[in-house]
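Remarks on the structure that follows.
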2 protein chains.
Amino acid sequence: MTTLHIVDDDEAIRDALGWLFQSRNVPVAGWPSAESFLESWRPDTAGCLLLDIRMEGMSGLELFDRLLSKGCRMPVIFLTGHGDVPIAVGALKKGARDFVEKPFNDNELVDRVIDALAYDAEQREREAGQAGLAARLATLTQRERQVMELVVAGRLNKVIADELGISMRTVEVHRSHVFEKMRVKTAVELTRLLTGAA
Amino acid sequence: MTTLHIVDDDEAIRDALGWLFQSRNVPVAGWPSAESFLESWRPDTAGCLLLDIRMEGMSGLELFDRLLSKGCRMPVIFLTGHGDVPIAVGALKKGARDFVEKPFNDNELVDRVIDALAYDAEQREREAGQAGLAARLATLTQRERQVMELVVAGRLNKVIADELGISMRTVEVHRSHVFEKMRVKTAVELTRLLTGAA
DNA sequence: GCGGCTATTGTGGATATCCGCAGAGTCGGC
DNA sequence: GCCGACTCTGCGGATATCCACAATAGCCGC
């Protein structure tokens with residue numbers, strides 16, 4: 001199980017939440033400010049975020065925005081005692097996972113956090129697969145990439161040769177290099193790889 | 001442009017919204033109750049829904065639930081003067097497109113409705129494509145379907161023949177029937193069709 | 001029973017794909 | 001200048017795919 005990151009400037013609340021989650025075997029990290037979390041955040045930081053809205057300095061919402069613009073995809077659950085509807089709606093539409101008002105129900109919150117952690121883990125697994133794919137794609141040359149795109153578009157070799165203004169033999173060579181580098185044996189497998197099929 | 005369906009038991013509000021949207025060239029249909037809309041709703045009802053939460057009889061939220069369970073995918077924008085955060089969060093997490101509190105900004109609401117209508121139109125176009133695909137799939141025989149699945153899985157004809165315990169020639173026949181019925185010329189195109197690629 | 005649909009298989013030939021062998025030109029780095 | 005890459009091309013042969021022609025057989029409905 002990955003970590004729940006609790007960002008709240010109220011130490012008492014951090015402690016209370018820390019106790020709650022640790023008692024349910026959810027690993028917790030506490031952060032006293034949006035700034036402190038933002039600074040320590042790395043693209044490979046895993047888990048989920050429990051974020052207070054109203055804090056000294058940077059607000060939870062602003063932290064969320066900054067994380068999004070840095071490409072953070074971690075699920076975020078907002079926690080607030082001062083939530084109003086437009087804020088909640090805005091946060092959810094931006095992709096927040098949940099928006100919970102204090103006082104909250106302990107069990108419910110724990111369930112939502114656990115769901116979010118599971119979601120994050122799944123997400124990261126998917127991305128790991130995509131990363132391997134991206135690495136293999138990166139080894140292709142320009143020409144190989146062009147040929148690959150046309151192959152995946154369903155064109156026959158002779159058509160590809162025409163469109164690129166080169167001989168069929170050359171297309172065949174690039175094609176076989178693509179297959180080798182992408183570790184597939186047929187055009188169909190390649191198509192499935194790139195279109196993200198099962 | 002398809003229709004905006006306004007469901008509100010307050011005739012004055014329906015009229016006011018009707019004027020607002022008609023002045024922006026958005027076709028409007030008004031419904032005095034959740035029940036009346038629910039009764040007239042059909043799976044091919046297009047457009048988007050502007051839904052008051054608090055109404056006599058069935059509430060907007062309940063109408064939303066019932067529509068969802070009937071398979072309705074129309075975008076829904078909730079409109080309420082009594083919204084609280086948990087209700088808004090719940091509605092959005094169930095798939096509502098937006099949740100707007102009264103009093104609202106006219107221009108903003110119109111923009112959101114127009115976005116929602118465009119989204120619905122796009123969605124329906126996609127589904128129309130899928131329906132055509134489903135119709136073509138339905139014309140396949142058992143055997144053809146089996147062969148198709150193996151082809152799309154990237155198997156060669158000889159392997160398919162082995163797995164199904166039939167001759168290569170028979171596989172070729174089924175394969176060509178599949179291509180004909182699905183209106184594609186190559187295995188790659190077929191794969192793209194079935195995996196829903198661009 | 002006859003006609004239509006489905007499934008099966010074969011022969012033979014036209015295309016397409018896969019691949020090793022061979023060679024050649026460009027470009028950038030050591 | 002040499003070496004390594006990327007690109008390009010041809011030849012020939014092994015496989016694979018596509019397809020027309022032809023035929024057998026079971027099942028279902030009229």
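Where a number appears in this text, it was derived from the coordinates with a stated rule and is not lab data. Everything quoted here is computed from the prediction, not taken from an experiment. Because the Cβ atoms are built from the backbone with ideal geometry, glycine has one as well, and the counts that use them run over all protein chains shown.
Odds and ends about this structure:
- Highest-fluctuation residue, B:120, B:98, B:44 considered, GNM on chain B with Cα pairs under 10 Å: B:44
- Panel note: the C-alpha atoms of the protein assembly as shown, placed on their principal axes, show extents of 69, 53, 43 Å (largest first).
- Estimated FRET transfer efficiency when R0 is 25 angstrom, pair residue B:11-residue B:59 (beta carbons, to 0.05): 0.90
- Label positions at residue B:195 and residue B:108, each projected 7 Å from the Cα along the C-beta direction, are separated by 4.3 nm.
- Placing a pseudo-label 7 Å from each Cα along the Cα-to-Cβ vector at residue B:136 and residue A:40 gives an inter-label distance of 5.5 nm.
- Cα gyration tensor, chain A - rounded (a/c under 1.5), prolate or oblate: prolate
- Spacing of the two label points (7 Å from each Cα toward its C-beta) at residue A:69 and residue A:180, in nm: 4.6 nm
- 7 Å along Cα→Cβ, label-point gaps from residue B:135 to other copies, nm, shortest first: 4.7
- Inter-copy spacing of residue B:35 label points, which lie 7 Å from Cα along Cα→Cβ, given in nm from shortest upward: 6.0
- 16 Å Cα-Cα reach of residue B:185 towards lysines, excluding residues that sit fewer than 8 places from it in its own chain: A:158
- Amide N of region A:100-125 lying under 16 Å from the label point, which is placed 7 angstrom from the Cα of residue A:1 along Cα→Cβ: A:106-122
- Taking Cβ atoms as reference points and 9 Å as the exclusive limit, the residues near residue A:30 contribute a net charge of -2, counting Lys and Arg as +1 and Asp and Glu as -1.
- Dividing the summed -39500 (n - 2.57) terms of all DSSP H runs of n ≥ 4 by the residue count of chain A sets its mean residue ellipticity at 222 nm at -18500 deg cm²/dmol.
- Taking A:73, A:169, A:42 in turn, the Gaussian network model of chain A (Cα-Cα springs below 10 Å) assigns the largest fluctuation to A:169.
- Copy-to-copy label separations for residue B:156, where each label sits 7 Å from Cα toward Cβ, in nm and ascending: 2.0
- For the residues B:116, B:128, B:12, a GNM of chain B with alpha-carbon springs under 10 Å puts the largest fluctuation on B:12.
- Sequence-distant lysines (8 or more away, or on other chains) whose Cα lies within less than 30 Å of residue B:102: A:93, A:94, A:102, B:70, B:93, B:94
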